[in-house]
Amino acid sequence: MSLTKKRIKIVSGSSLIGLALIYLYKVAIAPAVSVPGASPVAHVIEEQRQWPPTEDAVQRNLQIAYEAQNALLMKQRQELLHTKEQLAQLEEQVRSLQASTPRKYPKVKYLNYKNRKRILITGGAGFVGSHLVDDLMIQGHEVIVVDNFFTGRKRNVEHWLGHENFELIHHDIVNPLFIEIDEIYHLASPASPPHYMYNPVKTIKTNTMGTINVLGLAKRVMAKVLIASTSEVYGDPTVHPQPETYWGHVNPIGPRACYDEGKRVSETLSYAYAKQEKVQVRVARIFNTYGPRMHMNDGRVVSNFILQALRNETITVYGNGKQTRSFQYVSDLVDGLIALMASNYTQPVNLGNPVEQTIGEFAKIIKHLVGGQSEVKQIKAMEDDPQRRKPDITRAKLRLNWEPKVPLETGLLQTISYFRNELARSDRFQESSRKYFDSPDLQRSRP
């Protein structure tokens, strides 16, 4: 009898211990273990069963609903992450397909290694630089573009990306550059008033330290270098038209001084290196230039007038409109730069159009070519705005056999067409961006 009681006690104790272990497993271990295939909602509901009983049934129901909603959000986030991973994989596949698909480039002349040059263009993604790139690439040379993309745009040279003769380097010429080249076109500098006035100190650095780095590079590798100077070195001239022998009339502390004096120092540096270090130097003094790939918001008279006319806005003329400018098409300028580099002439050369236009007349020409209902209005004159600007190109005709060929109306029609397409492109991107960011799906997907 006593033996039977002992057995009963042993069995009862074992049962109690087993029940206790099962309880501890459910409370401490089971909630931490995720069951494969179980839904997040079922998992949350199972957790609610383990909550201590509460007298407030409404509160319990709210807690259950909250946890269920939270689990659903977690599931949606996991699905979103998975979708993002899939998109990244698709983008990588598209990139690999693009890389494996042969691109079509403009036709390029073949040059053997004796005639082919390695040419560096600083500021080569800008307005003038990108057109120079096109000409030199088509001639068959190897072209290396260096640009910090302050005013330049990769889109200006994207049609050459991947070509065996072309290389694009994102670099600020204020910092030294070490590269092997035969010729250098130093075009790096903001050239429109809003851009060079935006950061005057940076403009001065680009035209001094940047020029020193370019000339130092030319000295090390014995390369010929062309410095892109400007008609602004003449300031508000007292001699008309302006020959290269005119020393200029510049305000050294005015709003334009960072650019005007920066270019004057750039010329001084060039001839100092030529005399002291025997560097082969060419200097081009560039007058007002226009054409496709101009920056739409560069603040120059051509882009301002064309944009205002295309938008049917008032065409604003600074001052009385009697100040004069001369306008050359960009292809003429590129021809002049290449001719100057190829020449043996070392003194500064004016590159511009000797046909002079008043700003008031020019505004009427733009209005006529664009059409529309824009009115011409005079506003307050800008400080230190030159009153007359016309190049004497006798030296360019004599030494380079160069003069502008593209008539003003022909060049303006090309430029207007470019700006019209750019405006349409900008409007399309703006509309698609607005639709995307205003879409209900995007609003719901934000946390």
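So here's what we get for this one:
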{"item": "Test result for residue 270, open to solvent by less than 50 Å² (accessible area, probe 1.4 Å), over 17 Å from residue 128 (Cβ atoms), in contact (Cβ under 8 Å) with a residue 24 or more places away in the chain and not in a loop (DSSP other than H, G, I, E, B)", "result": "yes"}
{"item": "Count of residues meeting criterion [under 24 Å from residue 236 (Cα atoms) and touching a helix residue (DSSP H, G or I) at 6+ places or on another chain (Cβ under 8 Å)] in region 329-368", "result": "15"}
{"item": "Of the criteria (1) in contact (Cβ under 8 Å) with a residue 24 or more places away in the chain; (2) surrounded by fewer than 21 Cβ atoms within 10 Å (Cβ to Cβ); (3) in contact with a Gly (Cβ under 7 Å, 6 or more places away or on another chain), which one residue 249 fails", "result": "(1)"}
{"item": "Tally of residues being closer than 25 Å to residue 162 by Cα and of a type outside the set (A, V, I, L, M) across region 74-95", "result": "5"}
{"item": "Strands (runs of 3 or more DSSP E) wholly inside region 129-239 containing at least 3 residues that are open to solvent by less than 10 Å² (accessible area, probe 1.4 Å), touching a strand residue (DSSP E or B) at 6+ places or on another chain (Cβ under 6 Å) and on the phi < 0 side of the Ramachandran plot", "result": "142-147, 183-186, 224-230"}
{"item": "Single residue of 256, 264 found to be open to solvent by 60 Å² or more (accessible area, probe 1.4 Å), under 22 Å from residue 128 (Cα atoms) and in contact (Cβ under 8 Å) with a residue 12 or more places away in the chain", "result": "264"}
{"item": "Options 322, 278; residue that is over 25 Å from residue 267 (Cβ atoms) and out of contact with any Leu (no Cβ under 8 Å at 6 or more places or on another chain)", "result": "322"}
{"item": "When residues of region 352-395 are limited to those that are surrounded by 16 or more Cβ atoms within 10 Å (Cβ to Cβ) and hydroxyl-bearing (Ser, Thr, Tyr), the one nearest to the chain's Cα centre (by Cα)", "result": "374"}
{"item": "Residue count, region 296-346 (criterion: assigned to a loop (DSSP other than H, G, I, E, B) and touching a His at 6+ places or on another chain (Cβ under 8 Å))", "result": "2"}
{"item": "Pick from region 30-82, criterion of a type in the set (S, T, N, Q) and modelled with pLDDT of 70 or more, ranking: surrounded by the most Cβ atoms within 10 Å (Cβ to Cβ)", "result": "63"}
{"item": "Hits in region 412-436 (condition: in contact with a helix residue (DSSP H, G or I) (Cβ under 8 Å, 6 or more places away or on another chain) and surrounded by 12 or more Cβ atoms within 10 Å (Cβ to Cβ))", "result": "412, 413, 415, 416, 419, 420, 423"}
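The values are calculated or read from the model by the stated rules, or taken from the named source; none is laboratory data. All of these numbers come straight from a predicted model, not from anything done at the bench. For neighbour counting, all protein chains shown are included, and Cβ atoms are generated from backbone atoms with ideal geometry for every residue, glycine included. When the accessible area is computed, the model is the full protein with side chains, heavy atoms only, and any ligands, DNA or RNA have been set aside. Shrake-Rupley method; radii C 1.70, N 1.55, O 1.52, S 1.80 Å.
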